[in-house]
Amino acid sequence: GLRTLARDWLPSFLSDGDEIVVPVADHQANIEPWLEAQRLLARQGVRIRVRPMPYQPGSGDYDHTALAGLAGERTRFVAVTHVHHVYGGDMNVHRIRRAVGPDAVICLDAAQSVGHVPVSVAAADVDFVVFSGHKAMALPGTGAVWARQARGPALAPGGWSGTPNTAGIVSLTAALDWLDGAGVDRIERWTVALAARLTDGLRRLDAYEVLGCRTSLAADSSVQQRRGIVTFRHRAVDSGDLGFILFSEGFMVRSDQHCQGSAGERTGSVRVSLHVYNDEAEIDRLLSVLASLA
């Protein structure tokens, strides 16, 4: 979906000398399409400047104050992420509009938020929302692009270029219906509580470093807690090895650099992704296994 916007919509919106802001520590799916658009335009003689999204040191959060100073009258397009796929934090996209002004187009990568937390396009005042179905309990190869059609040229989808993924579309419909019935607000409360239980346990184990905001690790923290994603490292055990150890204990985690962009983490880590099918007993057993390796 993001690449469709980058190839089919963005070039017609930009002119020589325009600037775009790209979140260079987010998932590469929200970085590479915009760089590809820059290269495509360059071959047409249109020079676009890519401005890296500023981040707050240590937390992985966007630096909205620095972004306001970065954005100018040539800032035409801003790509942002709703929930970070490594740090697990809500990236406070409701502050982006104030930072970049009323005219810039904002594209929201909601892959880690749709189906996990309530998503309000009205509250965020963004122009595009893109998400993938497999993160929302549907089959792979599905997703959606929502367009506000208020700034820039209208998005005119080109239609199917072959046989549509009918089974995938049916699965996405069923998944979204189920999530609506379960209540995404209830899902958010549950997964945030599980993530807080995990970070609270990890902060008591000196052998581990939790990535992202360090002031929100306690279960009773009043600071914004992680939205169902907790990523950490063992200070002595390689993350790849730790991933295999946890798999042997029945835990399905991811252990690598998680497809972050050039400004992301340079060292691998282990990511735990939580949803409605997880419970407190699993968190406690995971902490017990991790403690045995501390």
* Structure fact -> Computed ³J(HN,Hα) along region 73-80: with the Karplus parameters 6.51/-1.76/1.60, θ = phi - 60°, integer Hz and x for glycine or proline, the list is 5, 8, 6, 9, 8, 9, 9, 9
* **ASP284 versus VAL237: modelled label distance in nm, points set 7 Å from Cα along the beta carbon direction** => 2.1 nm
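Using a 1.4 angstrom probe with every protein chain in place, what is the largest-first accessible-area order of TRP160, TRP178? If you can, show how the numbers build up before the last one.
Working: TRP160 175, TRP178 130 Å².
Highest to lowest solvent-accessible surface, that is TRP160, TRP178.
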* Give me the percent of DSSP beta bridges within the chain that run antiparallel, rounded to the nearest 5. => 55 percent
* For region 232-294, list log₁₀ I(q)/I(0) at each q in 0.24 Å⁻¹, using the Debye formula over Cα point scatterers of equal strength and ignoring solvent, two decimals each. => -1.07
* Arrange the residues GLU282, GLU265 by how much accessible surface each exposes, largest first, with a 1.4 angstrom probe. => GLU282, GLU265
* Just one of [x] 0.98; [y] 1.01; [z] 0.96 is Rg/Rh (Cα atoms, Kirkwood Rh) calculated from these coordinates, so which is it? -> [x]
* To do: Provide the convex hull volume over Cα atoms per residue for region 36-167, in Å³.
  => 142 Å³
* To do: Any chance you could look up the accessible area of TYR55 with a 1.4 Å probe, heavy atoms only, rounded to 10 Å²?
  => 50 Å²
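Sort LEU246, LEU172 by heavy-atom solvent-accessible area, probe 1.4 angstrom, most to least.
Values: LEU246 0, LEU172 20 Å².
If we order LEU246, LEU172 from most to least accessible, we get LEU172, LEU246.
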* Structure fact -> Going residue by residue through region 58-70, the Karplus relation 6.51 cos²θ - 1.76 cosθ + 1.60 with θ = phi - 60° gives ³J(HN,Hα) values, rounded to whole Hz and with x marking Gly or Pro, of x, 9, x, 6, 5, 9, 5, 5, 5, 5, 4, x, 7
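For every helix of n ≥ 4 consecutive DSSP H residues, a contribution of -39,500 (n - 2.57) applies; sum these over the chain, divide by its total residues, and give [θ] at 222 nm rounded to the nearest 500 deg cm²/dmol.
Details: 10 runs with 98 residues, N = 294.
Computed mean residue ellipticity for the chain: -9500 deg cm²/dmol.
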* What's the center-to-center distance, using Cα atoms, between region 89-110 and region 237-290 in Å? -> 30 Å
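Could you work out what % of the accessible surface of region 144-211 is carbon and sulfur, using a 1.4 angstrom probe and leaving DNA, RNA and ligands out of the count?
Numbers: 2140 of 3950 Å².
Reported share for carbon and sulfur atoms: 54 percent.
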* Per residue, how many Å² of accessible area does region 1-158 show with a 1.4 Å probe? -> 42 Å²
* Asked: Between GLU32 and PHE244, how many nm apart are label points set 7 Å from Cα along the C-beta direction?
  -> 2.7 nm
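How big is the equivalent ellipsoid of region 134-268 along its three axes, where each semi-axis is √(5λ) from the Cα gyration tensor, reported in whole Å from largest to smallest?
On the way: eigenvalues 238, 77, 64 Å².
Semi-axis lengths for region 134-268 are 35, 20, 18 Å.
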* Probe 1.4 Å - accessible area at CYS213, Å² to nearest ten -> 30 Å²
* Hey, can you grab everything whose amide H is under 5 Å from the amide H of HIS275? Only 5+ residues off in sequence or another chain; H modelled, so Pro and N-termini drop out. => none
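Tell me, what is the percent relative contact order of region 1-71, built from C-alpha pairs under 8 Å that lie six or more residues apart?
32 percent
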* Structure fact -> Under 12 Å by backbone N from the virtual spin label 7 Å along Cα-to-Cβ at LEU139, the residues of region 1-39 are none
* **Backbone HN-Hα couplings from phi across region 244-257 [Karplus 6.51/-1.76/1.60, Hz, Gly and Pro as x]** => 5, 4, 5, 4, 5, 9, x, 9, 9, 10, 10, 9, 5, 9
* Structure fact -> Residues meeting the amide H criterion for ARG51 (H placed from the backbone, H to H distance under 5 Å, 5 or more places apart or on another chain) are ILE20, VAL21, VAL22
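The values are calculated or read from the model by the stated rules, or taken from the named source; none is laboratory data. Just so you know, these numbers come straight off a predicted model, no measurement behind them. Every residue, glycine as well, gets a Cβ built from its backbone with ideal geometry; the counts of neighbours run over all protein chains shown. We work out accessible area using only protein heavy atoms, side chains counted, and drop any ligands, DNA or RNA first. Shrake-Rupley method; radii C 1.70, N 1.55, O 1.52, S 1.80 Å.
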